[in-house]
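In what follows, a single structure is set out as structure tokens and then discussed.
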Amino acid sequence: MPLALHQDELAPDGRGPVQPKLRSSEGRRSFGGWVLWILTVVVTILTTAYASLLLTSEPVTPHERQVLMDAIRVLDEAGFSREASVLRRVASFRRTDNWWNRHVGHPTAYAATNFPFAVITIYPTFFKYPVDEVERATILLHESYHLFGDDENFALHRVWLAKDRLGWTSLRYGHTRVWKNTREWTLAENPNMFTCGEDGQSDCLE
């Protein structure tokens, strides 16, 4: 004989058992809610970090900016429109190190890029040692690849491949400090590009 239902378990009208209530999911985040929350946190962190890079460094002067724009124009005229566009429209140029660069250090650099924040620090050597806007364009072309997230090896390789296109040749610039520095750094990162000639150590692009 079945057991009788307790009075508390009957529906208010007494006609049947109370249906069990499902636990409400109210108050819990849905999957979409979690995605939105994570994106909000990430954007907040990136925005704060970006602001800190700008607040701990100084912008370039109007004269320095004009020198930069002249170099970017050289890139445009040489057919590097994508690289020139991101330098002109996206990059934030600074003239002093931010906290990140001070921590990492760039003792021999002409410029340094903070990816993914598109902050480019232009050091005094950028204005002092390049002999003209073509050499400055070469340096900025290198930094543009870092804006896209490419590493040092890739940037050096691509710039060395592009030197003739820029008009930056050994015949005209082989004596300059920027040429010698770039050749040295490219050789260290991409030695296979310098295995030609009778000595087996010459530039294979010449």
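No lab work stands behind these numbers, since they all come straight from the coordinates. Note that the structure is a prediction, hence the values are computed from the model and not measured. FYI the Cβ positions are ideal-geometry reconstructions off the backbone, even for glycines, and counts take in every protein chain you see.
So the values come out like this:
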item: Tensor-based shape of the range 33-119 (alpha-carbon gyration tensor, a/c under 1.5 rounded, otherwise prolate or oblate); result: oblate
item: Long-range HN-HN contacts of SER92 with modeled amide H, under 5 Å; result: VAL119, ILE120
item: Selected from TRP185, MET69, LEU166, residue furthest toward positive end of dipole (the range 52-192; charges at beta carbon); result: MET69
item: Extension gain from GLU152 to THR47, taking 0.36 nm per residue of separation minus the Cα-Cα distance; result: 35.3 nm
item: Gyration tensor verdict on the chain (Cα atoms; rounded if a/c is under 1.5, prolate if a/b is larger than b/c, oblate otherwise); result: prolate
item: Order of LYS128, LYS163 under a 10 Å beta carbon neighbour criterion, fewest first; result: LYS128, LYS163
item: Per-residue HN-Hα couplings for the range 54-60 [Karplus 6.51, -1.76, 1.60; θ = phi - 60°; Hz; x = Gly/Pro]; result: 6, 6, 9, 9, 10, x, 5
item: Lys, Arg +1 and Asp, Glu -1 on Cβ, resulting dipole of the chain about Cα centre, debye, nearest 20; result: 640 debye
item: Local electrostatic count at ARG95 - Lys and Arg +1, Asp and Glu -1, tallied over other residues with Cβ under 15 Å; result: +1
item: Calculated FRET efficiency for the pair SER85/GLU206, C-beta based, R₀ 25 Å, to 0.05; result: 0.25
item: Selection from VAL119, LEU87, LEU54 lying farthest towards where the dipole of the chain points positive, charges on Cβ; result: LEU54
item: Cα gyration tensor shape for the range 159-206, rounded if a/c is under 1.5, else prolate or oblate; result: prolate
item: Residue-averaged [θ]222 nm for the chain, counting only DSSP H segments that reach four residues, each worth -39500 (n - 2.57); result: -16500 deg cm²/dmol
item: Charge tally in the Cβ shell below 12 Å around GLU152, where Lys, Arg are +1 and Asp, Glu are -1, GLU152 excluded; result: -3
